[in-house]
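Take a look at the structure set out below.
The values are calculated or read from the model by the stated rules, or taken from the named source; none is laboratory data. On a predicted model such as this, the values are computed, not experimentally measured, just so you know. In this analysis, Cβ positions are derived from the backbone assuming ideal geometry, glycine residues included, and neighbour counts consider all displayed protein chains.
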Amino acid sequence: MADVLSVINPATEQIIKDIPVNDPAAVSEKVANARAAQPKWAARPIEERIDVLKRFKHLLIEQADTLAARLTAETGKPITQAKNEILGTPARIDFFIDNVARLMMTDTVYKEPTDSEEIQLEEIISYEALGVVANISAWNYPYFVGSNVFVPALLTGNSVLYKPSEIATMTGLAITDLLHQAGVPSDVFSPVVGAGPTGAALLEEDIDGVFFTGSYRTGQKIAIAAAPKLIKVQLELGGKDPAYVCADADVATAAAGLADGAFYNNGQSCCAVERIYVHTDVYESFLEAFLAAVKAFTLGTPDNPDTYLGPLSRQPQLAVLTQQVDDALSEGATVHRGAQPLPNSGFYFPPTVLTGVTHEMSVMREESFGPVIGVQRVSGDDEAITLMNDTDYGLTAAVYSSNRQHAMEILLQVNSGSAYWNCCDRVSPRLPWTGRRHSGIGSTLSELGIRAFLQPRGWHLRR
């Protein structure tokens, strides 16, 4: 295991900072301390835990500019998008705060009827914290995906071992500092710093649950490692998210929405649109509007407020995207924009649109996680549904149509955790964020995302 983790600025390829890595002994100590601290945290009144997370929310807002600059420096996320993420997080925190007490209340589900006023038998469900949970988080939206886990985990009385992605370690440590300033005890929320080996060491420890956001391959390894423990495992994994533009769609609305859905955050979102199918009747008009929308995106340095597309966060992804584009072109696809990494310094790949694509090409089957999109002409709804389901993933699916019922009938035939009508790439704290097949197991957000950190106890009480 390396002694230090080097944080690299993806726009300049310069090392920003070297951060010491936690070795297995340090990880063990953190887990032991979290185990010892958790009962006292869980015993605190729910109102106190809520007040602590409210203070954390206010600190996020107060320090948004500084936090955004740090996020931009280490991930390359455009500064405007970085600040949008930070300022969008409080709404999610509010949802958890507003609902956690109700969802932790004891629920009386049965009272045996009698002739007298005395109850002979009562059945009750109570809810208790899991205990010590590992939160192995992601770099692409560290505030969103992190808070989806650690906020409800802390509110429900768990202690958290938080391993930020090695790509966003400085942000992870900033989040840690704010939580501690807000009043979360240091042993209740403890950062675990490092890359894959550090995460593997954490999984070997005595934990009660692991909540991971990342790739399918890593998620599979985590599930295998956790299986012998029989602990709670929740995996928020990738996607190859499809969108279908029907013959009756508003083409201008669809083109603008899908361009943003495909290229926001450089396409580095699990719910980014990665495949577009367009009914032949509107294909030409859609493509013209779509290319115009993509052309308007500003590619530049991420610290410029006008930049829409910055560098990729990870250098290896340049080779993945290049391979997908080369494979598509060799099989007869046409490229309309982009196609190759930019020759200057930084991990830059221009927005790339491919047409004439088929499912024989990797760009339509394998996760791109970057600014590359294939647009395929289809003859009608049946072909679109077949192609949308032709994937190992099942995270989101979108349909653009002027008819809500028509769109819903199509979406009901597509295997996905989230369904969009006339929108895409959208997340709501009120709805479960959940994947099917290789897109993961379990749910964050919504009431399910709070109950995920609780274990029920059934009470049989006879007088």
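Can you tell me which residue is surrounded by the fewest Cβ atoms within 10 Å (Cβ to Cβ) among those in the stretch 30-61 that are out of contact with any strand residue (DSSP E or B) (no Cβ under 9 Å at 6 or more places or on another chain) and within 24 Å of residue 167 (Cα to Cα)?
Among them, the one singled out is 61.
Please enumerate the residues belonging to the stretch 260-316 that are closer than 24 Å to residue 419 by Cα, under 20 Å from the mean Cα position of the chain (by Cα) and outside any loop (DSSP other than H, G, I, E, B).
Within the stretch 260-316, 260, 261, 262, 263, 264, 265, 266, 267, 273, 274, 275 qualify.
Among the numbered criteria (1) more than 16 Å from residue 449 (Cα to Cα); (2) under 23 Å from the mean Cα position of the chain (by Cα); (3) surrounded by 19 or more Cβ atoms within 10 Å (Cβ to Cβ), which single criterion is violated by residue 184?
With respect to (1) more than 16 Å from residue 449 (Cα to Cα); (2) under 23 Å from the mean Cα position of the chain (by Cα); (3) surrounded by 19 or more Cβ atoms within 10 Å (Cβ to Cβ), residue 184 is out only on (2).
If you take the residues of the stretch 355-392 that are of a type in the set (A, V, I, L, M, F, W, C) and in contact with a Lys or Arg (Cβ under 9 Å, 6 or more places away or on another chain), which of them is nearest to residue 419 (Cα to Cα)? Outline the logic, then answer.
In the first step, residues of the stretch 355-392 are kept if they are of a type in the set (A, V, I, L, M, F, W, C); the result is 357, 361, 363-364, 369, 372-373, 375, 378, 384-385, 387-388.
After this cut, where a residue has to be in contact with a Lys or Arg (Cβ under 9 Å, 6 or more places away or on another chain) as well, the list is 357, 363-364, 369, 373, 375, 387-388.
Details: 357: 24, 363: 22, 364: 19, 369: 20, 373: 20, 375: 20, 387: 16, 388: 12 Å.
Ranking the candidates gives 388 first.
Right, residue 455: outside the structural domain of residue 129 (by TED's automatic domain parsing), of a type in the set (S, T, N, Q), touching a residue at least 40 places away in the same chain (Cβ under 8 Å) and in a strand (DSSP E or B) or not?
Working: outside the structural domain of residue 129 (by TED's automatic domain parsing): no; of a type in the set (S, T, N, Q): yes; touching a residue at least 40 places away in the same chain (Cβ under 8 Å): yes; in a strand (DSSP E or B): yes.
So residue 455 does not fit the description; no.
Among residues belonging to the stretch 430-449 that are in a loop (DSSP other than H, G, I, E, B) and not acidic (Asp, Glu), point out the one that is surrounded by the fewest Cβ atoms within 10 Å (Cβ to Cβ).
Here is the first cut: in the stretch 430-449, the residues in a loop (DSSP other than H, G, I, E, B) are 430-432, 435-436, 442, 445-447.
Now drop any that are not not acidic (Asp, Glu), which leaves 430-432, 435-436, 442, 445-446.
Values: 430: 10, 431: 15, 432: 16, 435: 26, 436: 15, 442: 19, 445: 22, 446: 18.
Among those residues, the one meeting the criterion is 430.
Does residue 342 count as modelled with pLDDT of 95 or more, in the same structural domain as residue 398 (by TED's automatic domain parsing) and either farther than 17 Å from residue 400 by Cα or not charged (D, E, K, R) (or both)?
Details: modelled with pLDDT of 95 or more: no; in the same structural domain as residue 398 (by TED's automatic domain parsing): yes; either farther than 17 Å from residue 400 by Cα or not charged (D, E, K, R) (or both): yes.
In short, no.
Per-residue answers, yes or no, for (1) closer than 26 Å to residue 426 by Cα; (2) not polar (S, T, N, Q):
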{"site": "273", "(1), (2)": "yes, yes"}
{"site": "276", "(1), (2)": "yes, yes"}
{"site": "289", "(1), (2)": "yes, yes"}
{"site": "293", "(1), (2)": "yes, yes"}
{"site": "305", "(1), (2)": "yes, yes"}
{"site": "312", "(1), (2)": "yes, yes"}
{"site": "317", "(1), (2)": "yes, no"}
{"site": "323", "(1), (2)": "no, no"}
{"site": "327", "(1), (2)": "no, yes"}
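Residues checked against (1) touching a residue at least 40 places away in the same chain (Cβ under 8 Å); (2) touching a Lys or Arg at 6+ places or on another chain (Cβ under 6 Å); (3) surrounded by 14 or more Cβ atoms within 10 Å (Cβ to Cβ):
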| position | (1), (2), (3) |
| --- | --- |
| 73 | yes, no, yes |
| 97 | yes, no, yes |
| 113 | no, no, no |
| 121 | yes, yes, no |
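Only one of 177, 248 is assigned by TED's automatic domain parsing to the domain that holds residue 384, surrounded by fewer than 24 Cβ atoms within 10 Å (Cβ to Cβ) and on the phi < 0 side of the Ramachandran plot. Can you tell me which? Write out each step before concluding.
Numbers: 177 fails: assigned by TED's automatic domain parsing to the domain that holds residue 384.
None of the other options fit; the residue is 248.
Which residues, taken from the stretch 123-166, are crowded, with 24+ Cβ neighbours inside 10 Å and at positive phi?
157 - this is the single residue of the stretch 123-166 that is crowded, with 24+ Cβ neighbours inside 10 Å and at positive phi.
Is it the case that the stretch 132-141 has a residue that's of a type in the set (Phe, Trp, Tyr), under 29 Å from residue 456 (Cα atoms) and at pLDDT 95 or above?
no
So in the stretch 392-423, with the set limited to residues that are under 18 Å from the mean Cα position of the chain (by Cα) and aromatic (Phe, Trp, Tyr), which one is nearest to residue 366 (Cα to Cα)?
Filtering the stretch 392-423 for residues that are under 18 Å from the mean Cα position of the chain (by Cα) and aromatic (Phe, Trp, Tyr), the one nearest to residue 366 (Cα to Cα) comes out as 393.
Across the stretch 334-359, which residue is surrounded by the most Cβ atoms within 10 Å (Cβ to Cβ) among those that are hydrophobic (A, V, I, L, M, F, W, C) and in a loop (DSSP other than H, G, I, E, B)?
Looking only at the stretch 334-359, we keep the residues that are hydrophobic (A, V, I, L, M, F, W, C), and these are 335, 339, 342, 347, 349, 353-354, 357.
Now drop any that are not in a loop (DSSP other than H, G, I, E, B), which leaves 339, 342, 347, 349, 357.
Working: 339: 18, 342: 14, 347: 24, 349: 26, 357: 21.
Step by step, filter the stretch 334-359, then rank; the result is 349.
Which condition breaks for residue 261 when tested against (1) modelled with pLDDT of 95 or more; (2) farther than 19 Å from residue 77 by Cα; (3) not β-branched (Val, Ile, Thr)?
Just one mismatch for residue 261, condition (2).
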